[in-house]
Amino acid sequence: MGLYPAKHLGKEIAVLDSYLHKLKELYGINVCGEGGEYETLTLDCPLFVNARIMLDEYQVVMHSSNSIAPVGVLHPLGFHLENKVDSSALTFQEKTQEISMEKAGFVFEVQGDSAERCETTCKSIADVSDVVDDAECKLRISRTKNKSTFSICCWLQDSCSGLQEDLKAVLLKIESQLVGFGFGWEDVLYIHLYIDDMNEFSVANETYVQFITQEKCPFGVPSRSTIELPLLQVGLGSAYIEVLVANDHSKRVLHVQSISCWAPSCIGPYSQATLHKNILHMAGQLGLDPATMILCNGEPSDELEQALKNSDARREIQEKLDSYLKHMRLFDLKGGRMSETLDPIFLYVLVPDLPKRASLEVKPILFVAEDTEATTKTAEEVSCIKAPRSCGFEHAGWHDLCIQKCVVCGKICSIILSITSEQAAKICSDSLSADQNNDDKKFIKAHVGRISKFCIYLLDKVLVENAFSWEDTMNLRLYIPTSLQVPMETLLLMFSNPFSELAEMRPGVPIGKEPIFNIVPVLGAGTSASSLDDILTFELLAQKS
């Protein structure tokens, strides 16, 4: 608004400087064009060593003649290159002087608090060491053992220092872990940022960008998902972070910051998607209209009202999802091609709050196929693999009902394992008591040890039968409802013991000082949108190194 193609398109930014600042005051535009107000064409810069581009002729083509905010495109019709002085014969001082002379009058000094802000940021990071010294005894770490792509999770036990201090301590702990393995933030693909209070989202972002910046991540900032969890309710600190780390720099990111009609712009310092070794990790997606960045259902109050509708709303979500997948398959068939729409697996998690007070967020992980030959070859090899030892459990038909899996042979294995109260009773059938139905929670708490052992056995079975090992695990999360009221330390011990037992049977199972799983406290979780009362839910993603 306020820019007119016939009048302003083709002008140098320096010429329009005062006018752009006036538009900022009137309409709130971004003077640098970062809100999508305009695009720039670079005709000359110090990187153009030999020549500069000279436009001889161009025309302005109207794309939209809207009376308030018209849109035009500058279409070059003729141009040539104008040679520069032979730069190889110039000294560094002469080159600098030449550039300064060429651009005299077009160099502007930016006034503001940038130096002060930088000094403040450096100081706050330096102060973090004091915070961590105080919190070191409360910090906990989990880490998977995949040599190619692994996850590190960090949280605080019994902290009441507040979000900012807790987040600083956790971020610095992860940073020190990365450095210890020879990595940095530039090697991180994805970050799960869990906070206890979404009202402090801006505080979390301000602290976050003291550590993760574009300067530190030349290959692109990591993708991210931020949700609120009941952390303090289970005796944790106000911040809880999981990072996914790669041992190479082959990642590619999508990082849209300007307003567009095809992708929502970032509402935080992260990339919308990161592609690494056939897997596309997408940031948490809210129901935002890209052009307006407004929740698609209208006002936030309408979105919240919809979220408060109980099982009917969840059933509607499930039906819409099923309808979408059916539509995609029909679309492929009408086009006369084989359907490439796979049966995806789903995990639903109920949390207290989301950014922008949205009622739902989707976090897709997609496999991007490159080579089908290797997949077919590996499938033949997998058929010869024997099932693992039973760990004290005899296989039964109902075991398969606990598992959702998506396996691309020789490449990835994704598993969702969910245990309902009924299945828990079957697992512990030899320990059933007459009053079991009167107090399910008490029964489950008393038998979490055996249930956890069964879960590890079943995950191990699926991995081995598909030619994967625990060392291929990229991340392993256990979602547990806070209603069980089992302390975090107790859960860590209960789920560490089965791994130790498994390692005694098979030396290949990785056991270290830190657990390879991280426990995520939630209000509810499950594999169906209409039922989120499963007592234990595992999410495992493995990839061949």
With every protein chain in place, what's the accessible area of E394 (1.4 Å probe, Å², nearest 10)? 150
Could you calculate the FRET efficiency of K11 with L254 from 1/(1 + (r/R0)^6), where r is the beta carbon distance between them and R0 is 30 Å, rounded to 0.05? 0.45
Quick tally, 1.4 Å probe accessible area for D44, D158, sorted with the most first, runs D158, D44
Which residues does a label at C160 reach in the stretch 486-502, if reach means a backbone N under 16 Å from a point 7 Å past the Cα toward the Cβ? none
Of the listed pairs K277/K356; K426/K453; K168/K216; K216/K251; K145/K411, which have alpha-carbon separations greater than 20 Å here? K277/K356
Once C409, C154 are ranked on solvent-accessible area with the largest value leading and a 1.4 Å probe, the list reads C409, C154
Run the numbers for I365 and S64: contour at 0.36 nm per residue of separation, minus the present Cα-Cα distance, in nm. 104.6 nm
Taking r as the C-beta separation of F181 and E422 and R0 as 51 Å, the FRET efficiency to the nearest 0.05 is 0.75
A446 and C45 label points (each 7 Å along its Cα→Cβ direction) are spaced in nm at 7.0
In nm, what is the difference between 0.36 nm times the number of residues separating S528 and N199 and their Cα-Cα distance? 115.6 nm
Take V351, V209 and sort them by solvent-accessible surface of the protein heavy atoms, 1.4 Å probe, largest at the top. V209, V351
With charges set only on the Cβ (+1 for Lys and Arg, -1 for Asp and Glu), what does the dipole of the stretch 474-545 come to about its Cα centre, in debye to the nearest 20? 260
Heavy atoms of L275: accessible area, 1.4 Å probe, square angstrom to 10: 30
So, with points 7 Å from each Cα along the Cβ direction, the D56-E215 label distance in nm works out to 4.4
Just the accessible area for I365, please: 1.4 Å probe, Å², rounded to the nearest 10? 80
May I ask you to compute the full-extension gain from C32 to L81, defined as 0.36 nm times their residue separation minus their alpha-carbon distance, rounded to one decimal in nm? 15.0 nm
Which distance in nm do the two modelled labels at K138 and L401 give, with both placed 7 Å along the Cα-to-Cβ direction? 4.3
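The values are calculated or read from the model by the stated rules, or taken from the named source; none is laboratory data. All values derive from a computational prediction rather than experimental measurement. Ideal geometry is used to build each Cβ from the backbone, glycine not excepted, and the neighbour counts take in all protein chains shown. When the accessible area is computed, the model is the full protein with side chains, heavy atoms only, and any ligands, DNA or RNA have been set aside. Shrake-Rupley method; radii C 1.70, N 1.55, O 1.52, S 1.80 Å.
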